[in-house]
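Q: Below are the structure tokens for one structure; questions will follow.
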Amino acid sequence: MLSDINFANEGFLWGLLIIPLLAILYVYRQKRGYSSLRLSSLYPLNEAPRSWKYYFRHLPFILRIAALSLLILVLARPQSTSSWENIETEGIDIVLALDISGSMLAEDFKPNRLEASKDVAMEFIAGRPNDRMGLVVFSGESFTQCPLTTDHAVLMNLFQDIKSGMIEDGTAIGLGLANSVSRLKDSEAISKVIILLTDGVNNQGEIAPLTAAEIAETFGIRVYTVGVGSRGTAPYPFKTAFGVQYQNIEVKIDEEVLQQIADMTDGKYFRATDNQKLKEIYEEIDALEKSKIEVKEISRKTEEYHLWALIAGLVLLFEALLRTTLLKNNP
């Protein structure tokens with residue numbers, strides 16, 4: 001519909017004013033091109049048969065005018081603006097920073113904190129197929145288990161290989177966060193996010209957690225921190241000469257520091273006390289990130305002149321064929 005079309009170069013539409021002028025000029029030339037003859041009666045001429053050329057003698061001019069009109073419209077660049085849609089932009093880079101220290105084997109989560117954290121994180125990955133994701137693990141040290149990738153199958157396989165004891169024991173929260181920042185600092189994604197999960201207090205590493213948070217803030221990286229562990233004490237398995245024995249150990253999570261990290265980077269701090277709460281936390285993070293990049297109704301302009309140009313070319317070709325063949329004697 002014409003109401004759904006606008007023109008990028010509206011000034012060319014003024015050229016349509018030449019169409020009626022050409023029509024007037026054509027009529028004027030037609031009248032001057034015929035000789036007059038006086039007769040007492042037109043009856044004999046009225047009864048004379050007229051060939052089909054008589055009825056189609058003005059067709060070439062009409063086609064020329066139609067083609068010219070279309071070419072002027074093509075120059076004005078018609079664009080369709082009738083399609084409106086809700087879209088969601090892609091381009092989020094997420095690094096999961098996971099504590100794999102020995103305390104993550106505590107069994108206040110089932111089967112333990114580490115396995116529960118891996119299971120929920122993999123569900124989170126599966127639900128965001130369009131995002132690049134990476135994995136950093138930390139304990140007394142930190143290393144990158146998987147750089148940013150869209151190959152989530154590879155990422156999940158590497159997740160399954162994670163186990164406590166892979167690196168020196170301890171809790172280097174600052175080092176884990178700094179390592180995650182280094183994976184995101186050069187990213188050009190719309191949103192850069194770290195989900196840092198730990199069950200302890202920073203006690204190792206040469207980088208303080210708040211120093212790493214300042215670096216994250218500098219690069220526009222948002223950090224969601226998750227403290228994992230029940231309140232009070234938690235059963236922990238100890239290997240002894242008589243087999244595995246359990247002892248309740250005190251749950252110590254530096255919630256103040258985790259809260260500060262989140263506040264500094266425009267993120268959020270969560271406390272997970274069981275499997276269900278941990279799952280709900282990841283679902284909330286998933287919803288928060290989707291809402292931050294949602295784009296409301298937008299208009300997508302589509303160039304429509306291609307078809308009009310094609311029609312104009314076909315009309316000109318048809319007019320030329322008529323003028324040089326069947327209607328050759330016509331002006």
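The values are calculated or read from the model by the stated rules, or taken from the named source; none is laboratory data. Predicted, not measured: the structure shown is a model, and the values here were computed from it. We place every Cβ from the backbone using ideal geometry, glycine too, and count neighbours over all the protein chains shown.
Q: Only one of TYR43, TYR34, TYR26 is of a type in the set (Ser, Thr, Tyr) and at pLDDT 60 or above; which? Walk me through it before giving the result.
A: Working: TYR43 fails: at pLDDT 60 or above; TYR34 fails: at pLDDT 60 or above.
Selected residue: TYR26, the only one of TYR43, TYR34, TYR26 that is of a type in the set (Ser, Thr, Tyr) and at pLDDT 60 or above.
Q: Looking at (1) touching a Pro at 6+ places or on another chain (Cβ under 8 Å); (2) under 18 Å from SER103 (Cα atoms), which is the one condition that is false for HIS152?
A: For HIS152, the exception is condition (2).
Q: Got a number for residues in segment 64-104 being in a strand (DSSP E or B) and modelled with pLDDT of 85 or more?
A: Going through segment 64-104 one residue at a time, the tally reaches 8.
Q: For segment 117-176, which positions are assigned to a strand (DSSP E or B), within 29 Å of LYS290 (Cβ to Cβ) and over 23 Å from the mean Cα position of the chain (by Cα)?
A: VAL136, VAL137, PHE138, SER142, THR144, GLN145, CYS146
Q: Same structure, new question: Give the residues of segment 179-229 that are at pLDDT below 95 and either closer than 17 Å to LEU278 by Cβ or not assigned by TED's automatic domain parsing to the domain that holds VAL257 (or both), sorted by residue number.
A: GLY200
Q: Let me spell it out: the conditions are (1) aliphatic (A, V, I, L, M); (2) under 30 Å from ASN130 (Cβ atoms); (3) surrounded by 14 or more Cβ atoms within 10 Å (Cβ to Cβ), and VAL257 meets all of them except one. Which number is the exception?
A: Unmet for VAL257, out of (1) aliphatic (A, V, I, L, M); (2) under 30 Å from ASN130 (Cβ atoms); (3) surrounded by 14 or more Cβ atoms within 10 Å (Cβ to Cβ): (2).
Q: Look through segment 218-257, keep the residues that are aliphatic (A, V, I, L, M) and in a loop (DSSP other than H, G, I, E, B), and return whichever of them is nearest to THR171 (Cα to Cα).
A: ILE253
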